[in-house]
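Here the structure comes first, spelled out in structure tokens, and everything after it is commentary.
The values are calculated or read from the model by the stated rules, or taken from the named source; none is laboratory data. Just so it is clear, the model here is predicted, and its values are computed rather than measured. Every residue, glycine among them, receives a Cβ derived from its backbone with ideal geometry; neighbour counts consider all protein chains shown. With ligands, DNA and RNA removed, areas are computed over all heavy atoms of the protein, side chains included. Shrake-Rupley method; radii C 1.70, N 1.55, O 1.52, S 1.80 Å.
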Amino acid sequence: MQFIDLAAQQARIAPQIRERIEAVLAHGRYVMGPEINELEEKLASYVSVDHCIAVSSGTDALIVALMALGIGAGDRVATTPFSFISTVETIALLGAEPVFVDIDPRTYNIDPQQLDQVMAEQRDRGQPIKAIMPVSLYGQCAEFDTINQIAGRYQVPVIEDGAQSFGGTYHGRPSCGLTTIGCTSFFPAKPLGCYGEGGACFTNDAELAKRIREIRVHGQDRRYHHPRLGINARLATLQAAILLAKLEIFPDEVEARDQAAQRYSEALKEVDNITVPHIEPWNRSIWAQYTLRSPRRDRVCELIGERGIPTAVHYPVPLNDQPAFANFAHRATPIAAQAAAEVFSLPMHPYLTPEQQSAVVDAVRAAAATANEEG
Ligand SMILES: *Cc1c(COP(=O)(O)O)cnc(C)c1O
């Protein structure tokens, strides 16, 4: 069984993908070809924002967003320790300093109450937070109404790391359109993935959009004129072409993902020592990951693996414990540490069949029972 079955999706839309690729081969504009603009318009409309800027990866989306907001050396950015490395890596790469805020134990997203406390502490210490970067983990949006309210009081921007949540909604509003800038990734394994690297930034702020567009091309506003520092963060035209083909079936896949997740939760919610995902009633997760937790996680995953079913741990080490970030102030984040020790994800994609899911569910039940007996 595949953890994510990209072949099943490709089989469904192979002619459309081929047609889109052929079109790029025919016009030959491999960098910033017409598909980029077409994709940006469609994505902006999907997210209900004024501006979408396609970029070369989710990591680059975060970098150009931070650069556009002027975050740099010595600036402090509040973020979560429970995420993929990029969230904090990008902050650190720009010479800024991550300030870690612990998570909500049920959603695994940044805890707004603790964020509020950290904002006040940092201000009182004369080291104010300059930006907030929450992650919408596993496909469920963070608590953005409260986060935006806190950001408003401190007059700082919010960047949503929506690398896992493109396609999800918060109070009916699409992820990536909820904050100053929303960033996502089109890595193949993400809910909307291309066949290589890709990402995008979203904003309603025309000035920020202009800056992001310039930063994407070496800080250039017209040919060989560079008013600011930039990087090369352009999305390949071929990747945009593939995304345009995939976007056609994405709404359908959103439904299929949700149904698969409901089937898992229904079948697993009563299992001893297994906690199914908690989705707030106002959120619709895109289920980038279907993530359970168990106090005997490692043994449970081992037993599931013996049945030929893959699992994965997102993420085994909180970012504030990563050696690369050892030089930053270590704020204790016990909830994130416990989550890192207990979470594991099951195979999740829109083409999971009920039969495959039954096999997964049986394996989880049997593994949990054995692990419980072993004590
Ligand atoms: C995947 C991911 C990224 C990075 O995206 P890339 O396209 O791989 O660079 C950033 N943040 C989170 C939360 C992710 O899951």
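Assorted remarks:
- In the chain, helical runs assigned H by DSSP with n ≥ 4 each contribute -39500 (n - 2.57); averaged across all residues and rounded to the nearest 500, the mean residue ellipticity at 222 nm is -14000 deg cm²/dmol.
- Across segment 167-179, rounded Karplus estimates of 3J(HN,Hα) from the backbone phi angles (6.51 cos²θ - 1.76 cosθ + 1.60, θ = phi - 60°) give x, x, 9, 10, 6, x, 9, x, 3, 5, x, 9, 9 Hz, Gly and Pro being marked x.
- Apolar share of the accessible surface for segment 3-145: 50 percent from carbon plus sulfur atoms, 1.4 Å probe.
- The HN-Hα couplings worked out from phi for segment 312-318 by the Karplus form 6.51 cos²θ - 1.76 cosθ + 1.60 (θ = phi - 60°) are 8, 10, 10, 9, x, 10, x Hz, whole numbers, x standing for Gly and Pro.
- Sparse-neighbourhood loop sites, chymotrypsin sites (Phe, Trp or Tyr not before Pro) in segment 145-197 - DSSP loop, at most 10 other Cβ within 10 angstrom: none
- Residues in the chain average 41 Å² of solvent-accessible surface per residue, probe 1.4 Å, ligands and nucleic acids excluded.
- Estimated translational diffusion coefficient (Stokes-Einstein, Kirkwood radius over Cα pairs, 10 °C, 1.306 mPa s) of segment 1-74: 104 µm² per second.
- Out of every Cα-Cα pair that the chain contains, those further apart than 32 angstrom amount to 33 percent.
- GNM flexibility winner over the chain from Ala233, Ala341, Ala73 (Cα, springs under 10 Å): Ala73
- Of the chymotrypsin sites (Phe, Trp or Tyr not before Pro) in segment 201-297, the ones in a loop by DSSP (not H, G, I, E or B) with at most 14 other beta carbons within 10 Å are Tyr224, Trp282.
- Centre separation in Å (Cα based) which lies between segment 21-86 and segment 198-249: 6
- The accessible surface of segment 221-300, taken with every protein chain in place and a 1.4 Å probe, is 46 percent carbon and sulfur.
- Nearest-10 value in Å² for the accessible area of Phe3, using the 1.4 Å probe: 40
- DSSP-defined antiparallel bridges as percent of all bridges, the chain, nearest 5: 65
- Coil-residue trypsin sites (Lys or Arg not before Pro) of segment 118-151, DSSP, other Cβ within 10 Å capped at 10: Arg125
- Per-residue ³J(HN,Hα) for segment 105-111, Karplus 6.51 cos²θ - 1.76 cosθ + 1.60, θ = phi - 60°, Hz, x for Gly and Pro: x, 8, 9, 6, 9, 3, 8
- Where both bridge residues fall in segment 1-153, DSSP classifies roughly 10% of the beta bridges as antiparallel.
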